[in-house]
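Structure first, then comments.
The values are calculated or read from the model by the stated rules, or taken from the named source; none is laboratory data. From a predicted model like this one, the values you see are computed outputs, not experimental measurements. Heads up, the Cβs are rebuilt from the backbone with ideal geometry, glycines too, and the neighbour counts pull from every protein chain shown.
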Amino acid sequence: MENKWDSEKYLKFEKERTQPAIDLVRRVEGRNVSSALDVGCGPGNSSAVIKKIFPNANILGIDFSSDMIERAKRDYTDIAFEQWDADVFTEETSQKFDLIFSNACLQWLPDQFKTITNLYKLLNDNGIMAIQIPCNFDEPIHHLIHKVVTGEKWRTVIKSQRNYVMGTVEDYYNVISALSDKFDIWTTTYHHVLPSYEAIWSWYEGTGLRPYLSQIDESMKDEFKKDIMEEIKANYPLQKNNKVIFDFPRLFFIIEK
């Protein structure tokens, strides 16, 4: 079964997914940017944020998913989008950029530290790279997913586990400090208020659960969802207004060339 991205599922939480991009672009607002690359642009929501802050810039959004690129081209006709594997792009392109941006993409790549180094090489002199990476792998959602997919019931069905490529702050520091002495690195935890337990399932159905759902036959997906939902309910308490606080830490860094 193909492990495809679905722009409709992703955009169910467009506001929450876009806010980190807004916060990151605002950190580089006011710079001279005539060209920008959005790596892992998804359905174009982050590219649109860049365009709003730098309206005169030529922006190229790249993404591995054809569904995401098709959606981006449909919704944002003033931005260029191309389907690329990010690592292939860094090896084959001759283009240089004033801004290289990535919002929640690099954690999906096999060697993100190598990718960061290769992206840095695509910066113009005095260019800047602005990156956001989820660092929520110690949150309950990831522990409970791991518990279910590796448990006795599902481990014979789900044979391939997602490889979480997330380093420590020190790991990222060592990579970026070797590239430049002009950088900043920080983390922010977003306390998303979601309307229900079902919303947590919906959030991860379009992202972190994709590698597992792609291995499960349609006839078994309701049972899998039931098991995941039981763990969600056990790990996320309902608040007094029956909503759920869904904590999502994210790591940010900016590097200037």
Lone unmet requirement of (1) touching a residue at least 12 places away in the same chain (Cβ under 8 Å); (2) farther than 26 Å from Asn174 by Cβ for Arg74: (1)
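Condition check ((1) over 30 Å from Met129 (Cα atoms); (2) outside any loop (DSSP other than H, G, I, E, B)) across all residues:
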| site | (1), (2) |
| --- | --- |
| Asp171 | no, yes |
| Asp181 | no, no |
| Asp184 | no, yes |
| Glu198 | yes, yes |
| Thr207 | no, no |
| Glu230 | yes, yes |
Residue match in region 192-203 (condition: out of contact with any Gly (no Cβ under 6 Å at 6 or more places or on another chain), under 30 Å from Leu99 (Cβ atoms) and either loosely packed, with under 13 Cβ neighbours inside 10 Å or charged (D, E, K, R) (or both)): no
Which numbered condition Asn241 misses (of (1) in a helix (DSSP H, G or I); (2) over 16 Å from His142 (Cα atoms)): (1)
Test: residue in region 165-188 that is modelled with pLDDT of 95 or more, exposed (fewer than 15 other Cβ atoms within 10 Å of the Cβ) and within 20 Å of Ile141 (Cβ to Cβ): yes
Meets criteria (closer than 22 Å to Gly127 by Cβ, out of contact with any Leu (no Cβ under 8 Å at 6 or more places or on another chain) and among the aliphatic types (A, V, I, L, M)) for Val39: no
Candidate set: region 114-159, residues that are hydroxyl-bearing (Ser, Thr, Tyr) and under 15 Å from Tyr172 (Cβ atoms); chosen: the one surrounded by the fewest Cβ atoms within 10 Å (Cβ to Cβ): Thr117
Hits in region 79-116 (condition: among the charged types (D, E, K, R) and farther than 12 Å from Asp38 by Cα): Asp85, Asp87, Glu91, Glu92, Lys96, Asp111, Lys114
Of residues in region 92-113 being modelled with pLDDT under 95 and loosely packed, with under 15 Cβ neighbours inside 10 Å, the one farthest from Arg162 (Cα to Cα): Asp111
Pairs, first over 15 Å from Met129 (Cβ atoms) and without any contact (Cβ under 8 Å) to a residue 40 or more places away in the chain in region 26-52, second part of a loop (DSSP other than H, G, I, E, B) and of a type outside the set (Val, Ile, Thr), C-beta under 7 Å, six or more apart: Gly44/Tyr76; Ser47/Cys41; Ser47/Tyr76; Ala48/Tyr76; Lys51/Asp78
Filtered residues of region 212-229 (kept if crowded, with 16+ Cβ neighbours inside 10 Å and out of contact with any helix residue (DSSP H, G or I) (no Cβ under 8 Å at 6 or more places or on another chain)): Gln215
Answer from Glu91, Glu139, Glu152, Glu170 - the residue that is over 25 Å from Asn45 (Cα atoms) and in contact with a helix residue (DSSP H, G or I) (Cβ under 8 Å, 6 or more places away or on another chain): Glu91
Any chance Asp67 is acidic (Asp, Glu), at pLDDT below 95 and under 21 Å from Gln107 (Cβ atoms): yes
Subset of region 230-245 (residues that are in contact with a Phe, Trp or Tyr (Cβ under 9 Å, 6 or more places away or on another chain) and either loosely packed, with under 15 Cβ neighbours inside 10 Å or modelled with pLDDT under 95 (or both)): Lys233, Leu238, Ile245
